[in-house]
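The values are calculated or read from the model by the stated rules, or taken from the named source; none is laboratory data. Quick caveat: nothing in here was measured; it's all calculated off a predicted structure. Here the Cβ positions follow ideal geometry from the backbone for every residue, glycine too, while neighbour counts run over all protein chains shown. Side chains included, ligands, DNA and RNA excluded: accessible areas come from the protein's heavy atoms. Shrake-Rupley method; radii C 1.70, N 1.55, O 1.52, S 1.80 Å.
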Amino acid sequence: MSGGAGLAELVEGAGILVCCGSGGVGKTTTAAALALRGARLGRRAVVVTIDPAKRLADTLGLGSLTNTPRRIDGDWDGELWAMMLDTKSTFDDLVAKHSADAEQARRILSNRFYRNISSALSGTQEYMAGEKLYELHEEADFDLVVVDTPPTRNALDFIDASRRLTNFLDHRLYRMLMSPTRAYLRAVNLAAQAFVRTVSKVVGGEVLDDALAFFGAFEGMEEGFRDRATRVQALLVDPATAFVLVASPRTDTVAEASFFADKLAESGISVAALIVNRLHPRFGKGRPEADRARGRTLAGSALGSLFTNLGDLRAMAEAEEATLVELSAQVVPAPVVRVPLLVDDVHDLDTLARITGHLFPTG
Amino acid sequence: MDPRQFLRASRVVIVAGKGGVGKTTVAAALARMAARQGLSTLVVQVERASGLARLFGRPPLTYVESTLAPAAGTIAEVRGRTITPDDALLEYLEDHGLRRISRRLVSTGAMDVVSTAAPGIKDILILGKVKALERSEAADLIVVDAPAAGHAITFLLSVRGLLDAVRVGPINAQARDVLELLSDPARCSVVLVTLPEETPVNEAVETAFTLEDRVGVSLGPVVVNGLYPLLPGLDIDPVEAAEAAGTSLRPGEAEALAEAAAFRRDRQALQQAQLERLDERLPIPRLGLPFVFSAELGPSHVDLLAAALLDGVVGLADGPTESPVRAPAEGSPS
């Protein structure tokens, strides 16, 4: 089947495209290329990237980073916008939105424990990516939101992050400590306090004081956060949201991609497309073993080098295809789209357009 | 340079680099090279998803040491293990007389609260354990397969951050010990891994400066992975080459040979340009590893890469191993 056709329908119809895969497989570039295609189709598209390479960021107008989308001009019918996710300011906005008054927001924003959340708590980046995606889709009226996920091992972390983080914010350890009124909780509470004393002994008391002050200040906001998290999660599993798996043709990254696909399947989500980047081109038909054998026989001559090279590259192309067999079968009926290894890094709209050309060969 | 001198420069070598550059492969090759020089070697994996064990054809590593490649004649053993924060925390608590509560601390999710309150605590637990291994001389060489860069910087920077956040107590003492290890070139160094491509080169340069300036860790050579081996004669027309060799080509063969040669020449030119950029921007010794024409690497490839690494080390100039990285000059990353 023509992979490009299936992907084209996806970019035409989906409301949200989530690109997932392990680090170094070209997720950011792929996300940008998909959004560009969306704009070409006349859609109002935005790409949200987590950590773009500097030159790609520059071309996309993200040189001076902001957490709000910036429009990129070009000769397309639709609109292309790009932004880089700023985890902390997204979280700050969320706190401001849900706090009862300016004083509550101020107390939270100035707390040291809170300030650590965006940099140190695992899952926060995924949580805020989901939040931003919801905001862009529901509130900013983008037809197509393409998001480049953090290099999370588990795709479910992305879907699940909002729920996990909301549970964290509503931490039961804190509840135990702060609501000792009910008699039956008192025994639990004594154990919890012993526990806290021990933790203080290990990390130092002031660290824990910050944490307790934070949970105290946060009181009353859980409801708003929980409600929002539920809506973000619902959007992520909505049929309008499609998960695009990005991989490179190596055993290790393919194994990671396969793990992602398994985890998505556990949540009843299927992979909408598989994009494989960095494939070696295939030069004509022929058996690499035969080429390499001729290379050995002719060793020392230019023809020997030429055959060795052809054999090496054909062997590589074959080995790469072989890594994709099982994964392609696993994601059926998702289209599998191949992008060859490019000579240049993508750092302007022209090279980005070339990637789009490989993703959508029919134009 | 004498490879044993190179390998004994510091007992702990942290291998760091961006995702996808082959950091784990380089860690494996370095370990195998050391073992072949007779140094017992322990590889430490800090992320669950690493493919380290597979490179040696072994089942996944656990918190308990296992053999990755057995000793044979003059070749020493390569062992491997994981150090994950949860396991390291359990061990730490048990060692500090807190066995009773340790499981509960980890299972109630309280660890999340603690690690948010004191960012970097997880990294300190890992590095603290590495330090303990170094102190107990667990192996002649300890190779740490670091988390992917970006995170590698946070991983190493967390020590200083934690010293600010936790001013007293055992964690503070632990952080001090780790900082001492990281800033002593005779005990610890970082080997950066990159690819001969634009973005990975930029990132390696930035990481190198950040590590030296902000962590104060000593840099070993930078390893450039995935270099196409040079083949002389790829610029010769296949038909002429066939005539010179006194043979002829089948239909279609000349085109395939010419296209494949052109592809490789383009890649090699690109690689050469990136190597020059790297040398210009990061004036530290550089080692190269050949591209392996296979999609799945196994023990035989690790041996091949270990041999290539050894050749590279032998070719390095003698002299102090301290890093000659200077303050960023004009045009360097800010």
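Can you tell me the FRET efficiency between A:SER200 and A:ARG231 if r is taken as the Cβ-Cβ distance and R0 is 41 Å, rounded to the nearest 0.05?
That gives a FRET efficiency of 0.65.
Can you tell me how much longer the chain between B:ARG167 and B:GLN5 gets when fully stretched, taken as 0.36 nm per residue apart minus their C-alpha distance, in nm with one decimal?
Working: separation 162, 0.36 × 162 = 58.32 nm, distance 3.85 nm.
Gain on stretching B:ARG167 to B:GLN5: 54.5 nm.
Would you list B:LEU249, B:LEU219 from the most to the least accessible area, probe 1.4 Å?
Heavy-atom accessible area, descending, gives B:LEU249, B:LEU219.
Once ligands and nucleic acids are excluded and a 1.4 Å probe is used, how much of A:SER328 is accessible, expressed in Å² to the nearest 10?
Result for A:SER328: roughly 30 Å² accessible.
Which FRET efficiency value, to the nearest 0.05, is calculated for A:GLU12 and A:GLU139 with the Förster distance at 25 angstrom and r the Cβ-Cβ distance? Before the final figure, lay out each step's value.
Values: r = 23 Å, r/R0 = 0.92.
Efficiency for this residue pair is about 0.65.
Pick out which of A:SER270, A:SER122, A:SER305 has the largest mean-square fluctuation in a Gaussian network model of chain A, springs linking Cα atoms closer than 10 Å.
In the Gaussian network model the winner is A:SER305.
Could you tell me what percent of the accessible area of segment B:265-308 is made up of carbon and sulfur, with a 1.4 Å probe and every protein chain present?
The nonpolar share, carbon plus sulfur, comes to 53 percent.
At a Förster radius of 30 Å, what calculated FRET efficiency corresponds to the Cβ-Cβ distance of B:ARG277 and A:ALA353, to the nearest 0.05? Walk me through the numbers on the way to the answer.
Details: r = 25 Å, r/R0 = 0.84.
Calculated value: 0.75.
Once every DSSP H run of n ≥ 4 in the protein assembly as shown is given -39500 (n - 2.57) and the sum is divided by its residues, what mean residue ellipticity at 222 nm do you get, rounded to the nearest 500 deg cm²/dmol?
Computed mean residue ellipticity for the protein assembly as shown: -17000 deg cm²/dmol.
Short version: which residues of segment B:169-213 lose at least 50 Å² of accessible area, all chains versus chain alone, 1.4 Å probe?
With the partner chains in place, segment B:169-213 has these residues losing at least 50 Å²: B:GLU198.
What is the antiparallel percent of DSSP beta bridges lying wholly in chain B, to the nearest 5?
Values: 4 of 31 bridges.
So the antiparallel bridges amount to about 15 percent of the total.
Of B:GLU197, B:GLU94, B:GLU243, which has the largest mean-square fluctuation in a 10 Å C-alpha GNM of chain B?
Maximum among the listed residues: B:GLU243.
How big is the A/B interface in buried accessible area, both sides summed, 1.4 Å probe, to the nearest 100 Å²?
5100
So with the 1.4 Å probe, I'd like the accessible area per residue for segment A:3-359, rounded to whole Å².
So segment A:3-359 comes to 40 Å² accessible per residue, rounded to a whole number.
Using only atoms on other chains, find how many Cβ atoms lie within 10 Å of each Cβ of peptide A:248-257 and report the average.
4
Along the Cα→Cβ direction, 7 angstrom out, place labels at B:ILE75 and A:LYS285. What is the inter-label distance in nm?
4.2
For B:LYS18, list the lysines whose Cα falls under 19 Å from its own Cα; do not include residues on the same chain fewer than 8 positions away.
A:LYS27, A:LYS54
Taking the simple approach of a point 7 Å from Cα along Cα-to-Cβ for both A:GLN330 and B:SER300, what is their distance in nm?
Here the modelled spin labels are 2.6 nm apart.
Would you work out the relative contact order for segment A:3-359, in percent, from Cα pairs under 8 angstrom that are 6 or more residues apart?
On the way: 580 pairs, mean separation 81.9, N = 357.
Over segment A:3-359, the number comes to 23 percent.
Taking all protein chains as present, what is the carbon and sulfur share of the accessible area of chain A, in % to the nearest whole number, probe 1.4 Å?
Heavy-atom surface of chain A belonging to carbon and sulfur, 1.4 Å probe: 52 percent.
With an 8 Å Cα cut-off and a minimum separation of 6 or more residues, compute the relative contact order for chain B in percent.
In percent, rounded to a whole number, it is 24.
Please give the residues from segment A:285-313 for which the solvent-accessible area of heavy atoms, probe 1.4 Å, is smaller by at least 40 Å² with all protein chains in place than with the chain isolated.
Residues shielded by partner chains are A:ARG294, A:ALA302, A:LEU303, A:SER305, A:LEU306, A:ASN309, A:LEU310, A:ASP312, A:LEU313.
Kindly work out what percent of the DSSP beta bridges joining two residues of chain A are antiparallel, to the nearest 5.
10
Write out the trypsin sites (Lys or Arg not before Pro) in segment A:247-291 meeting two conditions: DSSP loop, and at most 10 other Cβ atoms within 10 Å of their Cβ.
A:LYS285
Determine the per residue accessible area of chain B with all protein chains present and a 1.4 angstrom probe, expressed in square angstrom.
Ligands and nucleic acids excluded, the figure is 41 Å² per residue.
List the residues of segment A:199-213 that lose 40 Å² or more of accessible area once all protein chains are present, compared with their chain alone (1.4 Å probe, heavy atoms only, no ligands or nucleic acids).
A:VAL202, A:VAL203, A:GLU206, A:VAL207
For B:116-125, what's the mean count of beta carbons from other chains sitting within 10 Å of each residue's beta carbon?
Details: counts 15, 17, 11, 7, 3, 4, 2, 1, 0, 0.
Taking the mean over all residues of the peptide, I get 6.
Just flag the chymotrypsin sites (Phe, Trp or Tyr not before Pro) in segment B:1-96 sitting in loop per DSSP whose Cβ has no more than 16 other Cβ atoms within 10 Å.
When the chymotrypsin sites (Phe, Trp or Tyr not before Pro) of segment B:1-96 are filtered for loop state and at most 16 Cβ neighbours within 10 Å, B:TYR63 remain.
Where in segment B:13-32 does the amide nitrogen come within less than 15 Å of the point 7 Å from the Cα of A:ASP51, taken along Cα to Cβ?
The answer is B:16-23, whose backbone nitrogens lie closer than 15 Å to the label point.
On the protein heavy atoms, probe 1.4 angstrom, tell me the percent of accessible surface of segment B:1-109 carried by carbon and sulfur.
Values: 2210 of 4470 Å².
So the carbon and sulfur contribution to the accessible surface is 49 percent.
Can you give the mean number of other chain Cβ atoms that lie within 10 Å of the Cβ atoms in peptide B:252-262?
So the per-residue partner count for this stretch is 6.
Quick one: work out the % antiparallel among DSSP beta bridges in the protein assembly as shown, nearest 5.
Looking only at bridges with both residues in the protein assembly as shown, the antiparallel portion is about 10 percent.
What is the spin-label model distance, in nm, from B:ARG58 to B:ASP311 if the labels are put 7 Å beyond Cα along the C-beta direction?
With each label placed 7 Å out from Cα toward Cβ, I get 2.7 nm.
How charged is the neighbourhood of B:ALA117? Take every other residue with its Cβ under 10 Å from the Cβ of B:ALA117, and add Lys/Arg as +1 and Asp/Glu as -1.
Computed value for this residue: -3.
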